[in-house]
Amino acid sequence: MAEFIDRWLTVVDAGLRVVSGGARASRPMPLPASAPESTAALPQDERVLSGALMRVNHVGEVCAQALYQAQALTARNDAVREQMAAAARDETDHLAWTEQRLRELGARPSLLNPLWYAGAFAIGLAAGRAGDRWSLGFVVETERQVEEHLAGHLERLPAQDTASRAIVARMKDEEARHARHAQSSGAADLPAPLKWAMRGAAKLMTTTAHRI
C-alpha cells in the first residue's frame, strides 16, 4: 500500500509540474547544424506560425507526460513500468524544449493544458488497465501517429526557423524509437476502429491547440 501511495504522490507531483510550466530538461536543447536564425529576424507571420505549431507540439508533450505517467502507474510488469518511466523522461525533455521555444517565439502555451493532461491521463489509465501488451500497443500507435504529425510540422515550419526545426526533428526521432522499443517488447496490434478513434481525438486536440 505504501508503495502504491508513493507512486500516486509522484504522479500528482509530476502532473502539477507539467500544467504549471515547470518542466526541467536533463539534456540541452537540440541545436541546428548551422548557426540558428535570430528569432527576432523572423518575419512576423512566420513567427506567429512557428508559435502556433510549437504550441501544438507542447500540448502533445503535455499529453505524453500524462499518458506515460498513467501507464507506468498501472503497468503489471516491472520492466514495462520502467520502460514507460524512461520514455516519460525523454518526453520531459521534449516538454521543456517546447516550453523554452514558445517563450523565445513570444508565444503562449495552450490555455487548455489542464484539460489536455486530465483527458490523456484518463486514457492512459484505461490503456494500462487493459494489460501490458495492450498498453504497449497503445504506445506503438500513439508514437507512430505523433511521428507522422511531427513530419508534417517539419514541412510547415518556416525554413528560417532552424531552432524550432531542430527540436521537432529530434523529437520525431525519439518518438520513433519509443514505438520500436514498445513493439519489440511484445505490443499487441490495436484494432483498426481504435486506431481511427485515436487519430480523430488527436485531430481535435491539434486543431484546438493551434489557436487556444
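Here are some notes:
- What the Cβ-Cβ distance of Ala118 and Ala159 gives, at R0 = 35 Å and to the nearest 0.05, is a FRET efficiency of 0.45.
- Total charge dipole magnitude, the chain, about the Cα centre, Cβ charges on Lys, Arg, Asp, Glu only, Debye to nearest 20: 320 debye
- Distance between the pseudo-spin-label points of Arg89 and Ala130 (7 Å out from Cα toward the beta carbon): 2.8 nm.
- Comparing Ala182, Ala166, Ala41 in a Gaussian network model of the chain where C-alpha atoms under 10 Å apart are linked, the largest mean-square fluctuation is found at Ala41.
- Label selected from (i) 19.6, 65; (ii) 16.5, 52; (iii) 16.9, 56, the criterion being Rg and Dmax of the Cα atoms in Å as computed here: (iii)
- Each residue in Trp134, Trp97 was given a count of other beta-carbon atoms within 10 angstrom of its own, and listing them fewest first yields Trp134, Trp97.
- When shorter helices are ignored and each DSSP H run of at least 4 residues is given -39500 (n - 2.57), the per-residue value for the chain at 222 nm works out to -26500 deg cm²/dmol.
- Computed from Cα atoms, the angle from the helix 78-105 axis to the main principal axis of the chain rounds to 20 degrees.
- Helix axis angle, 44-74 relative to the chain longest principal axis, alpha carbon, degrees: 10 degrees
- Arranged from fewest to most other beta-carbon atoms within 10 Å of their beta carbon, Asp93, Asp78 become Asp78, Asp93.
- Extended-chain gain in nm, criterion 0.36 nm per residue less alpha-carbon gap, Leu111 and Asp45: 21.6 nm
- Spatial separation of Cα centroids for region 49-86 and region 135-212, in angstrom: 11 Å
- Residue order, fewest to most surrounding Cβ atoms within 10 angstrom, among Ser135, Ser185: Ser185, Ser135
- Residues with amide H under 5 Å from that of Ala188, placed H, sequence gap 5 or more: Trp134, Leu136, Gly137
- Segment Glu148..Ser184, full-extension length gain: 11.0 nm, with 0.36 nm per residue of separation and the alpha-carbon distance subtracted.
- Coupling constants for region 124-136 follow from the phi torsions by the Karplus curve (6.51 cos²θ - 1.76 cosθ + 1.60, θ = phi - 60°), and in residue order they are x, 4, 4, 5, x, 6, 6, x, 5, 5, 6, 5, 5 Hz; glycine and proline get x.
- Folded to 0 to 90 degrees: helix 2-20 orientation relative to the chain principal axis, Cα: 20 degrees
- Here's the picture: a label point sits 7 Å out from the Cα of Met198 along the beta-carbon direction, and within region 134-158 the residues with their amide nitrogen under 13 Å of it are 134-149.
Quick note: the coordinates plus some simple rules give every number you see, no bench work behind them. Computed from a predicted model, the values in this text were never measured in an experiment. Note that we place each Cβ from the backbone using ideal geometry, even for glycine, and neighbour counts take in every protein chain shown.
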